[in-house]
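Worksheet for the structure shown next.
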Amino acid sequence: MDCIFCKIIAGTIPSKKLYEDDRAFAFADIDPKAPVHVLIVPKKHIPSLAEAESGDEALLGHLQLVAKQLAAEHNLSNGYRTVLNSGEEAGQTVFHLHLHLIGGRQMNWPPG
Ligand code: AMP
Ligand code: ZN
């Protein structure tokens, strides 16, 4: 499949891997927007949240709990943000669903 994140999961494109289990994979964002910027992706290829199904409920929750664990490992005790961009107008550029874990600096609200 011609998907950059599927290739990262498979190891055919290199990444800085930070976490892996049977359902999820996490790696450092190549263009970090904060001191900590991790992408958490399901191993299952779901193009975007708009294409997730009711059977994906536990998987989507699992990604959030992986983010929580990685936030603790990166000592983000003052707070952090998880972001899921769905669709072009939201700024999604890679169409394999992914959760951004961003932290290590003061966040602004609302996001741009
Ligand atoms: P989004 O704009 O929400 O689709 O996020 C896509 C993210 O993937 C961006 O933050 C990119 O910097 C990141 N990205 C794209 N290619 C790579 C790559 N090869 N390795 C790591 N991160 C990547
Ligand atoms: Zn994919």
Fill in: Residues of type aspartates and glutamates that Lys43 reaches as a straight line, Cα spacing below 17 Å, ignoring anything fewer than 8 places off in the same chain
Asp2, Glu20, Asp21, Asp22, Asp29, Glu51, Glu53, Asp56, Glu57
Worksheet item: Ignoring ligands, DNA and RNA, what percent of the 1.4 Å accessible area of the chain is carbon and sulfur?
Response: 53
Practice prompt. Mark the label point 7 Å from the Cα of Ser77 along Cα→Cβ and return the residues of region 95-110 whose backbone N is within less than 18 Å of it.
Written response: 103-106
Worksheet, complete the sentence: Semi-axes a, b, c in Å (a largest) for the chain, each sqrt of 5 times a Cα gyration tensor eigenvalue, come to 21, 16, 14
Discussion item. Angle check, please: helix 57-73 long axis (alpha carbons) against the longest principal axis of the chain (alpha carbons), in degrees 0 to 90, nearest 10.
Written reply: 40
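Send over a whole-number figure in Å² for the accessible area per residue of the chain, probe 1.4 Å. Kindly include the intermediate steps, with their values, before the conclusion.
Details: 6800 Å² over 112 residues.
That works out to 61 Å² for each residue.
The values are calculated or read from the model by the stated rules, or taken from the named source; none is laboratory data. These figures come from a predicted structure and were not determined experimentally. Heads up, the Cβs are rebuilt from the backbone with ideal geometry, glycines too, and the neighbour counts pull from every protein chain shown. In case anyone asks, the SASA skips ligands and DNA or RNA and just uses the protein heavy atoms, side chains included. Shrake-Rupley method; radii C 1.70, N 1.55, O 1.52, S 1.80 Å.
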